[in-house]
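Visitor: The structure that follows is given in the form of structure tokens.
The values are calculated or read from the model by the stated rules, or taken from the named source; none is laboratory data. Computed from a prediction, not measured in an experiment: that's the story for all the values here. As a convention, Cβ positions derive from the backbone with ideal geometry for all residues, glycine included, and neighbour counts pool all protein chains shown. With ligands, DNA and RNA removed, areas are computed over all heavy atoms of the protein, side chains included. Shrake-Rupley method; radii C 1.70, N 1.55, O 1.52, S 1.80 Å.
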Amino acid sequence: MADTSSAAPLLLPGKKSAAAAAQYTRCASHARDELRSFRACLRWMCVDHTSAPRSAGSWAAFFLLAVAAPAAVTLALPPATPDRPFDGQVQVSLTLAAALAHLSLASLLRVGLRRLLCIDRLRHDSDEVRAGYTAQLARSFRVLACFLVPCSLADAAYRAYWYWDAAPFRSPWWTAAACALDVASWVYRTAVFFMICVLFRVICYLQVLRMVGFAREFGRFADVAVVLEHHRRIRDQLRRISHRYRRFIIFCLVLVTASQFCALLATTRPHAQINLATAGELALCSVSLVAGLLVCLHSAAKITHKTQAITSVAAAWHADATIHAFDNDLEDPDPALPAATGYLAPANAYRVASGEESDGYDDDDDARSDDSLDDPKLVPFQVNNMCFQKRQALVTYLENNRAGITVYGFVVDRTWLHALFMIEFSLVMWLLGKTVGIS
């Protein structure tokens, strides 16, 4: 990672000049930009793969905290220690989840943190999008803490209770050391898993900001060619994000599903001892894994539906422009209207199409003069017909090219989530029918 002497911020809004646009192009990141917090977080979590030495250190920390530490604690416990029937399943699930997240981060960070967070694409966006993305980057660490801190505190309390009650070692210092090592291993594996989930959420939030700004383009005079180019650029960016994260999403889904079914099978078997001392860590593990998966699925579904909602916005824009195509007089044009284009849409077109605001036009007769034979308000048919065909082509394109986050060709939307839920629910009912006799 190159360090230059420039300390200009990357994401602060500024004037759209050539120098400001070049600020967002691909270049070597410096250590004093808005990504310094992300880089510091990656280094402290030992998942920094920006260089070969740091990558080697990250892998060493992973094998030490995710593999060696839980194995050492388990093997060091005396045989007379009270049994933890679900400890093996919990350790395997957390280690596999951390390994999946670590491998995914190592693969994603090869393209660079700026390209991964899509900052090099911000030169095409407005100052409002840049400011919103800056705020979201700062807020992402609070989101990570909201998931990590409660799980870590709950696990620390559970481990302290179990080691105090079981007292596996004669020396309290050895007991405290084993408890601290166990908690550190849990926090590290959970933090790595939540980190990549929050990272995916931040990237999706940028696309949400872009789609909101893109939808507002329909509220004023807009060229069909510009709108089409903007939509293609967003669609290409979503395709890149889907390609980078599809393996993580599908493997995370399989891992969490398998982990939860194993937990359900273990807790519903005959003579299973279910209490706080035995099943507390299993509940914490399940909550952590399911929460991380839901963050990814919610973010993917949100940007997918924001993208697909553009079709209804474009249809409303097309209808408004067609209805009001003859409102502008060519001989005495209204300065507020573009002459003879038919692209006009009301300023609240996006809110009306999305259902946030009712469509109510002012029918004031005094504000609009009556048509007469002496002063006809006519627009040449060829111009209006050409504009109509352009808008119709745009709406048809949007209807047949629905963008969004995809997983190997399957669009992650509400329909996909409903189908996934029904599959999971059917498997749960089948398993309960085999174990406790629910039919």
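Visitor: Conditions first: (1) at pLDDT 85 or above; (2) within 20 Å of residue 289 (Cβ to Cβ); (3) surrounded by fewer than 21 Cβ atoms within 10 Å (Cβ to Cβ). Residue 107 passes all but one, so which condition is the exception?
Guide: (2) is the only condition that residue 107 fails.
Visitor: Hey, another quick one. Just checking, which of 70, 78, 82 is open to solvent by less than 30 Å² (accessible area, probe 1.4 Å) and under 18 Å from residue 178 (Cα atoms)?
Guide: From the options 70, 78, 82, the qualifying one is 70.
Visitor: Looking at region 392-439 only, could you name the residues that are of a type in the set (Val, Ile, Thr) and either open to solvent by 70 Å² or more (accessible area, probe 1.4 Å) or closer than 20 Å to residue 309 by Cβ (or both)?
Guide: Within region 392-439, 395, 396, 405, 406, 411, 412, 415, 423, 436, 438 meet the criteria.
Visitor: Would you mind listing the helices (runs of 4 or more DSSP H) fully within region 65-172 where at least 3 residues are over 23 Å from the mean Cα position of the chain (by Cα)?
Guide: 69-76, 87-108, 127-166
Visitor: Going through region 170-180 one residue at a time, which ones are closer than 19 Å to residue 66 by Cβ and either crowded, with 22+ Cβ neighbours inside 10 Å or touching a Phe, Trp or Tyr at 6+ places or on another chain (Cβ under 8 Å) (or both)?
Guide: Of everything in region 170-180, those that are closer than 19 Å to residue 66 by Cβ and either crowded, with 22+ Cβ neighbours inside 10 Å or touching a Phe, Trp or Tyr at 6+ places or on another chain (Cβ under 8 Å) (or both) turn out to be 178, 179.
Visitor: Determine whether region 205-217 contains at least one residue that is hydroxyl-bearing (Ser, Thr, Tyr), assigned to a helix (DSSP H, G or I), open to solvent by less than 20 Å² (accessible area, probe 1.4 Å) and touching a helix residue (DSSP H, G or I) at 6+ places or on another chain (Cβ under 6 Å).
Guide: no
Visitor: Moving on to the next point. Only one of 282, 293, 265, 276 is within 26 Å of residue 183 (Cβ to Cβ), open to solvent by 50 Å² or more (accessible area, probe 1.4 Å) and of a type outside the set (Phe, Trp, Tyr). Can you tell me which?
Guide: Sole residue among the options that is within 26 Å of residue 183 (Cβ to Cβ), open to solvent by 50 Å² or more (accessible area, probe 1.4 Å) and of a type outside the set (Phe, Trp, Tyr): 276.
Visitor: Which condition number does residue 439 fail, the rest of (1) assigned to a helix (DSSP H, G or I); (2) modelled with pLDDT under 85 being met?
Guide: It is condition (1) that residue 439 fails.
Visitor: Right, something else. Might you check whether a residue that is free of Cβ contacts under 8 Å to residues at least 40 places away in the same chain and either open to solvent by 40 Å² or more (accessible area, probe 1.4 Å) or more than 30 Å from residue 315 (Cα to Cα) (or both) occurs anywhere in region 181-188?
Guide: Within region 181-188 (the criterion being free of Cβ contacts under 8 Å to residues at least 40 places away in the same chain and either open to solvent by 40 Å² or more (accessible area, probe 1.4 Å) or more than 30 Å from residue 315 (Cα to Cα) (or both)), the answer is yes, since at least one residue qualifies.
Visitor: Restricting attention to region 31-44, which residues are touching a residue at least 12 places away in the same chain (Cβ under 8 Å) and open to solvent by 30 Å² or more (accessible area, probe 1.4 Å)?
Guide: Of everything in region 31-44, those that are touching a residue at least 12 places away in the same chain (Cβ under 8 Å) and open to solvent by 30 Å² or more (accessible area, probe 1.4 Å) turn out to be 31, 32, 34, 37.
Visitor: With the condition being farther than 30 Å from residue 267 by Cα, at pLDDT below 55 and within 26 Å of the chain's Cα centre (by Cα), I'd like the helices (runs of 4 or more DSSP H) fully within region 349-436 carrying at least 1 qualifying residues.
Guide: Those helices (runs of 4 or more DSSP H) span 349-353.
Visitor: Report the residue count in region 220-259 for those that are farther than 30 Å from residue 394 by Cα and either open to solvent by 50 Å² or more (accessible area, probe 1.4 Å) or of a type in the set (Gly, Ala, Ser) (or both).
Guide: 6
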